[in-house]
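The values are calculated or read from the model by the stated rules, or taken from the named source; none is laboratory data. Predicted model, so just to flag it, every value in this text is computed and none were measured. So basically every Cβ, Gly included, is an ideal-geometry build from the backbone, and we count neighbours across all protein chains shown. Areas reflect the complete protein model, heavy atoms only, side chains present, ligands, DNA and RNA absent. Shrake-Rupley method; radii C 1.70, N 1.55, O 1.52, S 1.80 Å.
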There are 2 protein chains.
Amino acid sequence: MPTISKENYLKSIYSLNLTYGESVSTSQVAMKLEITNAATSEMARKLAKQGYLHYEKYKGVELTEKGRKIALQIIRRHRLWEVFLIKVLGLSWSEVHDEAEKLEHNTSEELINKIDKHLNYPEFDPHGHPIPNEKGEIPQMPVLVSLLEATVGKNYKIFRVADESSELIEYLTKLNLFLYQDIKIIEKLSFDNSIIVQVNGTNHSLSEKVAEKVSVSILK
Amino acid sequence: MPTISKENYLKSIYSLNLTYGESVSTSQVAMKLEITNAATSEMARKLAKQGYLHYEKYKGVELTEKGRKIALQIIRRHRLWEVFLIKVLGLSWSEVHDEAEKLEHNTSEELINKIDKHLNYPEFDPHGHPIPNEKGEIPQMPVLVSLLEATVGKNYKIFRVADESSELIEYLTKLNLFLYQDIKIIEKLSFDNSIIVQVNGTNHSLSEKVAEKVSVSILK
DNA sequence: TTTCCAAGTTAAGCATGCCTAACATAAAAG
DNA sequence: CTTTTATGTTAGGCATGCTTAACTTGGAAA
């Protein structure tokens, strides 16, 4: 088991690689972790020696399979905790990140699997990021459309709300428009672009402003 | 904020004081934390300097109000996590301690209060230990009797099961005899000392062996 | 092609928190 | 009382993970 510090390096390297591709420079990692380049170079040497990454001086780092596995494990824990804190304990969108940042390093495999099960194995976190499963497999991102572009008569799953303000979230929650909730598009009113959706048999009208912030994926 | 290590010292000192009273020797702490006396002496000096405890060479340590407050905070977090892991996530009795041991140092005030609320402010953990409230106040332990000593016709709350084996717990759980569950004593059969209790309107017979392990507190 | 500078590395130092080994003290045994 | 022993403390070391300061290096500008 790597230390908390090492887990954070591996996680950062993984995500920098996703964003920029190819090998990641030590200074990119330093920037991300808000530490000095010096610390990063030193750690790169250690992590390479322990088989978590390939490192050639002046040429950046690249995760090995072993390192990637750890990174995905930490990311899985982070995202599951985020979903859990929001959906089960009612923390606010703005609070969960920092909280999950600490919990992700202090959660056993057994515990995170219980949480996964309790949440019914979600595939994406509240930001729409994929949650790796127990084996480290990453769910494919579905095609998303905003509610404005959805087709009348079809069924969708609420995937993401493009606004972290709790006001909008609370409004939608009152209408039972939770994350992952299945809905049906009943009607689109062309005169004001509002949309009528059905949730658990109940119809709600959503204004254009609200509808454009709600991303949904189509259900077969 | 003290470090994780310091939190553990303060927690240990608090509980040793409860058990043995008066001032706590550095070697008692060392024993409890499974580290050397040397490390403990050194830490005692640091904690004293930071105002968490009083320390006189060769005379042991004693928590200050400031130290006691931290200790109670950590104990609160530990016990609430234990209850939460068991009741909400279904971890087993044997798993929760180690898990809570890590989580207790990585949980914000806000998060633990949400957990407290979600559990409906429990006063005692699954082992029967009191859970300090947000202000650090410790609930008074109720008078406990084993089910064998309970009085026919009266109502009780299940407080503790004096057996950590999951077999007994699972058996009781099947009968809806959860922790904190309210029950009524219907009848005691003198020929085999078995007891008939009512749970949510349903009667169950418990053998003497089982009944003696279940501690209950009387309800007014 | 050479120069120069930003990016990257090494070296030395510090805080934390542990260890072992050597030393000090209190209190019990003689 | 004095001696012994168990209990407790100090000193010196080590691993981790960070810092600053001094140094390399690779590649773009001249």
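Return the only residue of A:Val88, A:Val61 being surrounded by 14 or more Cβ atoms within 10 Å (Cβ to Cβ) and more than 30 Å from A:Ser217 (Cα to Cα). Before you say what the answer is, go through the steps one by one.
Details: A:Val88 fails: more than 30 Å from A:Ser217 (Cα to Cα).
Residue meeting the stated conditions: A:Val61.
Please tell me if B:Glu42 is of a type outside the set (Lys, Arg), in a helix (DSSP H, G or I), over 15 Å from B:Asn133 (Cα atoms) and within 11 Å of DNA strand C (Cβ to nearest atom).
On the way: of a type outside the set (Lys, Arg): yes; in a helix (DSSP H, G or I): yes; over 15 Å from B:Asn133 (Cα atoms): yes; within 11 Å of DNA strand C (Cβ to nearest atom): yes.
Against the criterion (of a type outside the set (Lys, Arg), in a helix (DSSP H, G or I), over 15 Å from B:Asn133 (Cα atoms) and within 11 Å of DNA strand C (Cβ to nearest atom)), B:Glu42 qualifies.
Rundown of residues vs (1) open to solvent by 50 Å² or more (accessible area, probe 1.4 Å); (2) among the aliphatic types (A, V, I, L, M), yes/no style:
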site: B:His129; (1), (2): yes, no
site: B:Pro139; (1), (2): no, no
site: B:Phe159; (1), (2): no, no
site: B:Leu172; (1), (2): no, yes
site: B:Val197; (1), (2): no, yes
site: B:Thr202; (1), (2): yes, no
site: B:Ile218; (1), (2): yes, yes
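Of the conditions (1) over 25 Å from A:Glu137 (Cβ atoms); (2) away from DNA strand C (no atom under 13 Å from the Cβ); (3) among the aliphatic types (A, V, I, L, M), A:Ile74 fails just one. Which one is it?
All conditions pass for A:Ile74, except number (1).
A:His105 is checked against (1) surrounded by fewer than 16 Cβ atoms within 10 Å (Cβ to Cβ); (2) more than 22 Å from B:His118 (Cα to Cα); (3) of a type outside the set (Ser, Thr, Tyr); (4) more than 13 Å from the chain's Cα centre (by Cα) and fails just one. What number does that condition carry?
(1) is the only condition that A:His105 fails.
When B:Ala39 is evaluated against the numbered criteria (1) surrounded by fewer than 17 Cβ atoms within 10 Å (Cβ to Cβ); (2) in contact (Cβ under 8 Å) with a residue 60 or more places away in the chain, which criterion, by number, is the only one it fails?
It is condition (2) that B:Ala39 fails.
Say whether the condition of being basic (Lys, Arg), touching a strand residue (DSSP E or B) at 6+ places or on another chain (Cβ under 9 Å) and within 20 Å of B:Ile131 (Cα to Cα) is met by at least one residue in the stretch B:7-30.
no
Taking into account only those residues within the stretch A:108-117 that are among the hydrophobic types (A, V, I, L, M, F, W, C) and at the interface with chain B (Cβ under 9 Å from one of its Cβ atoms), which is surrounded by the fewest Cβ atoms within 10 Å (Cβ to Cβ)?
Initially, the stretch A:108-117 is screened for residues among the hydrophobic types (A, V, I, L, M, F, W, C), giving A:111-112, A:115.
Narrowing the set further to residues that are at the interface with chain B (Cβ under 9 Å from one of its Cβ atoms) leaves A:111, A:115.
Numbers: A:Leu111: 22, A:Ile115: 19.
Filtering first and then ranking leaves A:Ile115.
Before we move on, is A:Asn120 under 21 Å from A:Ile218 (Cβ atoms), polar (S, T, N, Q) and within 14 Å of another protein chain (Cβ to nearest Cβ)? Explain how you work it out, then say what you get.
Working: under 21 Å from A:Ile218 (Cβ atoms): yes; polar (S, T, N, Q): yes; within 14 Å of another protein chain (Cβ to nearest Cβ): yes.
Yes; evaluated as a whole, the condition is true for this residue.
Condition first: more than 10 Å from chain B (Cβ to nearest Cβ) and touching a helix residue (DSSP H, G or I) at 6+ places or on another chain (Cβ under 7 Å). Now tell me which residues in the stretch A:82-96 satisfy that.
Looking only at the stretch A:82-96, we keep the residues that are more than 10 Å from chain B (Cβ to nearest Cβ), and these are A:82-83, A:86-87, A:93-94.
Selection gives A:Glu82, A:Ile86, A:Trp93.
Okay, residues lined up against (1) away from DNA strand D (no atom under 13 Å from the Cβ); (2) over 30 Å from A:Ala162 (Cα atoms):
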position: A:Leu18; (1), (2): yes, no
position: A:Val29; (1), (2): no, no
position: A:Thr36; (1), (2): no, yes
position: A:Met43; (1), (2): no, yes
position: A:Gly60; (1), (2): no, yes
position: A:Ala71; (1), (2): yes, no
position: A:Val83; (1), (2): yes, no
position: A:Ile86; (1), (2): yes, no
position: A:Leu103; (1), (2): yes, no
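Just checking, does the stretch A:13-27 include any residue being touching a residue at least 40 places away in the same chain (Cβ under 8 Å), surrounded by 15 or more Cβ atoms within 10 Å (Cβ to Cβ) and within 13 Å of DNA strand C (Cβ to nearest atom)?
yes
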